[in-house]
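Report on the following structure.
Values quoted throughout were computed directly from the atomic coordinates according to the rules given, and no laboratory measurement underlies them. On a predicted model such as this, the values are computed, not experimentally measured, just so you know. Please note: Cβ atoms are built from the backbone with ideal geometry, for glycine as well, and neighbour counts cover all protein chains shown.
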Amino acid sequence: MNRRTRDGQSGQVLALFAFGFLAFVAAVAFVVDGGNAYSRQRISQNGSDAAAEAGATVLAQRLVGTAQTDNDVESAIDGVLTAMDMDTTSSNAVYTDIDGTPLTTVVGSLGATAPPAAAFGVAVNGDLPFDTYFARALGMNQWNAVTQATAVAGYATDQGSVILPVTPPVNILLDCENNGQPDFGPNPSEWLHNTLYVIPLCSSGPGNVGWIDWDPTAGGTSELISRIWPPNNDTPPIPLPSWQWMTETGDMAASGLESALRMWDLKTVLIPLFDDTCDQDPGSPTAPCNGTPGHGSNNWYHFPTIAAFELCGTDPGGAIPAWCTDTDGNTYGHGSYVSGAAGKSCNLNKNGTSCLVGRFVHFIRGGTVTGGLTGTVTPSNIVGVQLIK
């Protein structure tokens, strides 16, 4: 073999090595950077979802008479995108109709004037840029996770027929401690849609479950049952967010209370969710508590959300919906258990003897909500925000 042949073979080996090395880098980049890209895509989608809902919430506030401008919608969207480290210059948010069909108006193009009259939602194109790792060797220093989301605001007509005068916390309440305090577990999280929950009605302490007095300071316990059943139509509007007065805390075993609650078995009711308590009125819907967290009775509860809650129950034929059976095989034939020892039917592990049982079917986070207690909630009563794409 002559020298020229050996040199040619060496060159071929070097070329094959270089090609193989690039293929190896590409494979590693596919695994490492591809996995990172998948994670970033999920973050980007969450950011787009939240931004769209933020913009639609501003439109919901407009539906209940609050003056809002195009700048307000843009600020709400950009605020979420900025918090998520997403690119606000390429979000390209546009207004949509109630069905989510894009209009021709770009969010931010109208400035201090009102959004279009036909705008009932926003569509957001989210863009999350992120640096690569091994893909840099292939000349790709940065990738982008691009996602889309659409949320609309409108009048809801089927989310419930009563606002029950009871408020659980915004986070999942697992059980009650022996001293009556709530047990949120080591990692508190918010309630999920369409999941069976047994909501304990604990007996004491702030950050618990409270019974609401719609007419402070009169009433309280004496009017609690009459606010649940028979239906009446004078429940006051609840702006979101807002501070509301409540007079009684936790487990109420008053005679007739359980019977009144069970009149709503297999129906969807509205219940406010609270995220703070205070021993004095903060004075503004968005103001923090300037006093101390509430203890026991006579406190103010802060409502950021009202939930539509479908209660378990038994139909006239004796059938119980399949979704009213939990993962341990416990079946709940009623949506409430609050009468003393009967509350053991809640199947709680600690000190909880009373509960509401059902699933959350909708969360309302903006507008003003009023329970139409004599029938179906009408369009003038309730405004909701929904992520549809």
Inset, instruction - Quick one: order 320, 77 by neighbouring beta-carbon count within 10 Å, fewest to most. - result: 320, 77
Inset, instruction - On each of the three principal axes of the Cα atoms of the stretch 261-330, give max minus min coordinate, whole Å, ordered largest first. - result: 52, 23, 20
Inset, instruction - For residue 103, enumerate residues with amide H under 5 Å from its amide H, sequence gap 5+ or separate chain, H modeled in the peptide plane. - result: 95, 96, 97
Inset, instruction - Please give the net charge around residue 228, taking every other residue with its beta carbon less than 11 angstrom from that of residue 228, where Lys and Arg add +1 and Asp and Glu add -1. - result: 0
Inset, instruction - Using a Förster distance of 41 angstrom, determine the FRET efficiency expected from the C-beta separation of residue 118 and residue 281, and round it to 0.05. - result: 0.55
Legend entry - Sorted by Cβ density within 10 Å, fewest first, the residues 356, 311: 311, 356
Legend entry - Label-point separation in nm, residue 190 to residue 97, each point 7 Å along Cα→Cβ: 3.0 nm
Legend entry - Under 5 Å, built H, 5+ apart or other chain: amide partners of residue 274: 170
Legend entry - Ascending count of other beta-carbon atoms within 10 Å, so fewest first, for 238, 98, 43: 98, 43, 238
Legend entry - Distance (nanometres) between label positions extended 7 Å along Cα→Cβ at residue 82 and residue 328: 4.7 nm
